[in-house]
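The values are calculated or read from the model by the stated rules, or taken from the named source; none is laboratory data. Keep in mind that this is a model prediction, so the values were computed, not measured. In this analysis, Cβ positions are derived from the backbone assuming ideal geometry, glycine residues included, and neighbour counts consider all displayed protein chains. These accessible areas exclude ligands, DNA and RNA; they are computed on the full protein's heavy atoms, side chains included. Shrake-Rupley method; radii C 1.70, N 1.55, O 1.52, S 1.80 Å.
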Amino acid sequence: MADKDGIKATKDYGIGIPQETRGFHVKGCNDYGWGMKSRLSKIFNPESGKALMLAFDHGYFLGPTSGLERLDLVIPPLAEYIDCYMGTRGGMTTCIDPAMTANKAIALRVSAGSSILDDDLSNELISVSIEEAIRMNADIMATQVFIGAPNQRQSIANLSKVINTGNAYGIPTMGVVAVGKDMERTPKYFRLATRIIAELGAHVVKCYYTDDFESVIASCPVPIVIAGGKKQPEKDALEMCYNAISKGAAGVDMGRNILQAEDPLAMVQAVRAIVHQGIDNKEAYDMYLELKAK
Ligand code: 5RP
């Protein structure tokens, strides 16, 4: 179709066609600048369109979580199989050799402010400056968003600050849907939280898997990666990954279900096969058992 000046519109310009058909392999990111697209391409593989991120940022409010006491020992053997490290400034700089970041993306946790000792975890601030994120070569900055919690407003201010400063340097932001102790974990809640985070300008949203996950994906205009959550039996964790990916998740940002697995190395490979090769959870569990037996 041509406009009044004879310029071909619609398909070439992406007007009026669904965003997922508009070219760039990361949902909703077609119109970002070069640097931001480059960083997102380190996280989301251009072939599969998906990402396997390894989350080990728990210490920023949980302290030495089981399985994550020695990041310097547990993370390196898994690195080969992941696309992106997700850690804190201190966790990354003390335990991850910079040489291990060749061909890996870095998701840097930039919010902090509460601990497991608090009743309300939502009282966060931004603890890492944009200059530090640049010095650390971050490919995405992650901040917690507490929709419906006492400090919702502050967490939205934090998210907005990170997006504003990140946009100035082409560094994307991942808004992490936080579920406090007494907070809802329903599809309705996750639709609300993910949509708010995306509307505020986050480039990626991290959220828990839930029933009716397709509806969460459909109403969020940017990619959603799922958090693993508390440790489950390996079979169940792989089923959750498969369900999430088959219902439209753009990836997995998993911590405890890999790091606390009986065999983390086998688990990370099984999760990777679901994320990038599209195998189902039964095949993935067989793969896990086979690798574990070796
Ligand atoms: C909290 C976070 C995490 O630290 C991360 O999600 C933990 O990963 P997992 O739940 O898979 O252990 O972002 O919201």
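Here are some notes:
- In segment 195-294 the Cα-Cα distances spread across 10 Å bins starting at 0 as 17, 48, 26, 8, 1 percent of all pairs.
- Fraction of antiparallel bridges per DSSP, segment 31-293 only, in percent to nearest 5: 5 percent
- When the alpha carbon gyration tensor of segment 140-256 is reduced to an equivalent ellipsoid, its three semi-axes come out at 23, 16, 13 angstrom, largest first.
- Between L62 and Q232, the distance separating the two model label sites (each 7 Å from Cα on the Cα→Cβ line) works out to 1.6 nm.
- In the full protein context, the chain carries 46 Å² of accessible surface per residue, based on a 1.4 Å probe and ignoring ligands, DNA and RNA.
- Cα coordinate range in segment 20-79, projected on the principal axes (Å, largest first): 43, 24, 19
- Shown are L265, L78, whose ranking by accessible area with a 1.4 Å probe and every protein chain present, most to least, is L265, L78.
- Each label point was placed 7 Å from the Cα along the Cα-to-Cβ direction; for A218 and E69 their separation is 4.7 nm.
- The alpha carbons of segment 103-159 give a radius of gyration and a Dmax of 12.6, 40 Å, in that order.
- For the chain, convex hull of alpha carbons as volume per residue, Å³: 137 Å³
- Calculated [θ] (222 nm, deg cm²/dmol) that DSSP helices of n ≥ 4 give over the chain, each run adding -39,500 (n - 2.57): -11000 deg cm²/dmol
- Here the accessible area is traced with a 1.4 Å probe on the protein chains. For the chain, carbon and sulfur cover 51 percent of it.
- Each residue of segment 101-106 was assigned a 3J(HN,Hα) from its phi angle through the Karplus curve 6.51 cos²θ - 1.76 cosθ + 1.60 (θ = phi - 60°); the sequence is 9, 4, 6, 10, 7, 10 Hz, with glycine and proline shown as x.
- Full extension of the segment from S38 to D211, taken as 0.36 nm per residue of separation minus the current Cα-Cα distance, would add 59.0 nm.
- Listed by chain and number, the aspartates and glutamates whose alpha-carbon sits under 18 Å from that of K230, ignoring those within fewer than 8 places in the same chain, are D57, E69, D182, E184, D211, E239, D253, E262, D263.
- FRET efficiency for the pair N123 and T186, taken as 1/(1 + (r/R0)^6) with r the Cβ-Cβ distance and R0 = 35 Å, rounds to 0.90.
- About the Cα centre, charge dipole magnitude for the chain (Lys/Arg +1, Asp/Glu -1 at Cβ), debye: 480 debye
- Computing FRET efficiency as 1/(1 + (r/R0)^6) for Y169 and E283, where r is the C-beta to C-beta distance and R0 is 51 Å, gives about 0.80.
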